[in-house]
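*Asks:* Quick one: the structure is below, and I'll ask about it shortly.
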Amino acid sequence: MERDEYRRMAAVEESHWWYGTTRELLRSLVGDRLPAGGRFLDAGAGTGATGAWMADHGSVVALDFEPLALELLREQHPGIGMAAADVQRLPFADGAFDAALCVTVLCHRSIADPVVAVRELARVVRPGGVVALLEPGVRALRRAHDRVTHTGRRFSRRDLAGLVAQAGCEVVRSSGAYSFLVPPAAVKAVLERGRTSSDLDRAESGLGGILPRLARIEQRWLRAHSLPFGLSVVAIGRVPTTEMCAETLTP
Ligand SMILES: C[S@@+](CC[C@H](N)C(=O)[O-])C[C@H]1O[C@@H](n2cnc3c(N)ncnc32)[C@H](O)[C@@H]1O
């Protein structure tokens with residue numbers, strides 16, 4: 001990612017509408033699955049904008065391969081543990097965490113094979129724990145923001161659920177999110193053709209509060225339903241326990 005983008009992320013993580021509603025989305029999808037006092041991994045944490053909230057449930061280790069990200073994270077979230085490493089080779093023992101969260105990282109050009117990275121996440125989560133992924137949706141979209149963040153790929157809902165399954169986890173949830181942003185993002189992608197710019201530079205309030213309001217309406221819908229697509233896609237997997245394996249093997 002361009003270095004200025006880390007500074008932008010740290011500067012707007014409290015004020016930019018997308019960060020606020022994404023934390024709310026993750027809390028509603030994952031919060032109940034985090035045991036009190038547990039140990040949680042934020043893989044590809046950046047400056048902690050979407051994962052530091054897990055510290056309300058237990059202890060968090062934020063991992064990133066960019067030292068500037070961890071430096072900014074230390075300033076923003078002093079209580080959080082940190083590890084400088086690649087998500088494709090995690091420096092942790094098997095089953096070291098109760099849950100792993102990974103937000104807009106697998107899309108990154110640095111990830112040679114997302115399956116390898118998700119298998120690593122599943123390896124370091126204990127049986128019965130969860131791996132939660134949120135990534136850019138709509139494969140065909142190529143946005144100016146993607147060029148700043150070095151996004152090499154986007155995912156369909158099915159792609160992301162497939163990664164979780166290929167890592168040996170049971171898919172307990174998969175959905176699109178921010179579906180209402182797909183049509184404007186598609187128009188914007190055409191207008192921006194070839195340009196490079198960050199979404200974080202502008203529209204912090206989200207059209208005077210309209211976008212966060214739409215996101216919250218969508219989140220209410222997501223409590224009981226799933227969406228086939230979205231500008232983001234989410235997938236949550238449960239690492240199998242021996243009983244789950246036995247159930248699968250029982251004819
Ligand atoms: C778009 S940012 C997202 C940061 C954070 N998860 C969030 O939602 O705000 C992507 C982050 O992934 C990190 N990253 C990308 N590839 C990585 C890799 N192979 N290993 C560790 N971190 C990586 C980048 O340094 C960056 O901080």
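*Asks:* Just the residues that are more than 16 Å from the ligand (Cβ to nearest atom), surrounded by fewer than 20 Cβ atoms within 10 Å (Cβ to Cβ) and touching a residue at least 12 places away in the same chain (Cβ under 8 Å), please, taken from the stretch 40-61. Before you say what the answer is, go through the steps one by one.
*Replies:* If we filter the stretch 40-61 for residues that are more than 16 Å from the ligand (Cβ to nearest atom), which is where we start, we get 56-59.
Keeping just the survivors that are surrounded by fewer than 20 Cβ atoms within 10 Å (Cβ to Cβ) gives 56, 58-59.
Once the filter is applied, which keeps residues that are more than 16 Å from the ligand (Cβ to nearest atom), surrounded by fewer than 20 Cβ atoms within 10 Å (Cβ to Cβ) and touching a residue at least 12 places away in the same chain (Cβ under 8 Å), the stretch 40-61 yields 58, 59.
*Asks:* If I filter the stretch 27-43 for residues that are aromatic (Phe, Trp, Tyr), outside any strand (DSSP E or B) and either in contact with a helix residue (DSSP H, G or I) (Cβ under 7 Å, 6 or more places away or on another chain) or under 23 Å from residue 111 (Cβ atoms) (or both), do I get at least one hit?
*Replies:* no
Matching residues to (1) surrounded by fewer than 22 Cβ atoms within 10 Å (Cβ to Cβ); (2) at pLDDT 95 or above:
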| site | (1), (2) |
| --- | --- |
| 67 | yes, yes |
| 73 | no, yes |
| 78 | yes, no |
| 121 | no, yes |
| 128 | yes, yes |
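*Asks:* Right, here's the next one. Out of (1) of a type in the set (Val, Ile, Thr); (2) surrounded by fewer than 22 Cβ atoms within 10 Å (Cβ to Cβ); (3) within 7 Å of the ligand (Cβ to nearest atom), what's the single condition that is false for residue 12?
*Replies:* (3)
*Asks:* For the stretch 131-145, which positions are more than 10 Å from the ligand (Cβ to nearest atom) and part of a helix (DSSP H, G or I)?
*Replies:* Scanning the stretch 131-145 gives a single hit, 144.
Here's the yes/no breakdown for (1) closer than 22 Å to residue 36 by Cα; (2) in a loop (DSSP other than H, G, I, E, B); (3) touching a residue at least 60 places away in the same chain (Cβ under 8 Å):
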| position | (1), (2), (3) |
| --- | --- |
| 63 | yes, no, no |
| 87 | no, yes, no |
| 129 | yes, no, yes |
| 147 | no, no, no |
| 160 | no, no, yes |
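The values are calculated or read from the model by the stated rules, or taken from the named source; none is laboratory data. None of the values given here were measured: they were computed from a predicted structure. Quick reminder, even Gly has a Cβ in these numbers, built from the backbone with ideal geometry, and neighbours come from all protein chains shown.
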